[in-house]
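So the structure is just underneath, and the comments pick up after that.
Values in this text are rule-based calculations from the coordinates and carry no lab data. Given the structure is predicted, the values throughout are model-derived calculations rather than measurements. Reconstructed Cβ throughout: ideal geometry from the backbone, glycine too, with neighbour counts over all protein chains shown.
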Amino acid sequence: MISEKMAQAINTQINREFYSAFLYLAMASDAMNKGFKGAAKWLRIQFNEEQEHALKFAKYLEDQGAKVELAAIAAPKTEWKDLLDMFQDTLAHEKKVTAWINELNTLAIAEKDYATQNMLVWFINEQIEEEGNDQDIIWMLEMSAGSKGALFMADRTLGKREG
Ligand code: FEO
């Protein structure tokens, strides 16, 4: 069993993961409209991953006998200046998610809730990977600045993502 406060905090995180999914789907659509099919594919895969994150938290609540409480999801932004602007936003967003996961862990530590601390290890590692991937893409896009050919190749590289 976990505390009511912990369950509430995880429910808030479920909403944030679904918001993340919405954000990446909005980015995918904007990328597609701008002709960046590779980036759109990358972002749709990320959309799927974010839903999996939400479901992972939901399953944890259910396994702990707590109730999943879904709330309205905020509308994301729909337009970005270019791919670099978009991926700078992905990194900024993931840094926020990392801070939220850390807050959950801080609460779990304060409550001596070892099960939740253990569950969060997966998310802590996932955030290291997500921030690293976003940073790599930002560097690639910065190096492509001013060259349409390089940007084309960067988009193709993004399209190679499989999961
Ligand atoms: Fe669910 Fe991108 O962290």
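With touching a helix residue (DSSP H, G or I) at 6+ places or on another chain (Cβ under 7 Å) and either over 26 Å from Thr106 (Cα atoms) or surrounded by fewer than 18 Cβ atoms within 10 Å (Cβ to Cβ) (or both) as the only criterion, which of Ala92, Ala71 stands out?
Ala71
For the stretch 135-163, give me each residue that is charged (D, E, K, R) and assigned to a helix (DSSP H, G or I).
Of the residues in the stretch 135-163, the ones charged (D, E, K, R) are 136, 142, 148, 155-156, 160-162.
Across the stretch 135-163, the qualifying residues are Asp136, Glu142, Lys148, Asp155, Arg156.
For Lys56, are the conditions met, namely being under 17 Å from Leu120 (Cβ atoms), without any contact (Cβ under 8 Å) to a residue 24 or more places away in the chain and either out of contact with any Cys (no Cβ under 9 Å at 6 or more places or on another chain) or part of a helix (DSSP H, G or I) (or both)?
No, not satisfied.
Would you check which residues across the stretch 79-89 are of a type in the set (D, E, K, R) and either more than 15 Å from the ligand (Cβ to nearest atom) or surrounded by 18 or more Cβ atoms within 10 Å (Cβ to Cβ) (or both) and list them?
Glu79, Lys81, Asp82, Asp85
If the requirement is being within 24 Å of Asp30 (Cβ to Cβ), assigned to a helix (DSSP H, G or I), more than 16 Å from the chain's Cα centre (by Cα) and not small (Gly, Ala, Ser), which of these qualifies: Leu84, Leu107, Leu91?
On inspection, the qualifying residue turns out to be Leu84.
Could you list all residues from the stretch 92-137 that are in contact (Cβ under 8 Å) with a residue 40 or more places away in the chain, within 15 Å of the ligand (Cβ to nearest atom) and not charged (D, E, K, R)?
His93, Val97, Trp100, Ile101, Leu104, Met119, Trp122, Phe123, Gln135, Ile137
Tell me yes or no: at least one residue of the stretch 23-33 is surrounded by fewer than 18 Cβ atoms within 10 Å (Cβ to Cβ), within 9 Å of the ligand (Cβ to nearest atom) and within 24 Å of Leu120 (Cα to Cα).
no
Here are some conditions: (1) touching a helix residue (DSSP H, G or I) at 6+ places or on another chain (Cβ under 6 Å); (2) in a loop (DSSP other than H, G, I, E, B). Ala9 meets all but one. Which one does it not meet?
Here Ala9 clears every test but (2).
Pull out all pairs, ordered by first then second residue, where Cβ-Cβ is under 6 Å, the residues are six or more apart or on different chains, the first lies in the stretch 16-39 and is more than 20 Å from Lys96 (Cα to Cα), and the second is in a helix (DSSP H, G or I) and of a type in the set (Asp, Glu).
Close Cβ pairs satisfying both conditions: Phe36/Asp155; Gly38/Asp155; Ala39/Asp155.
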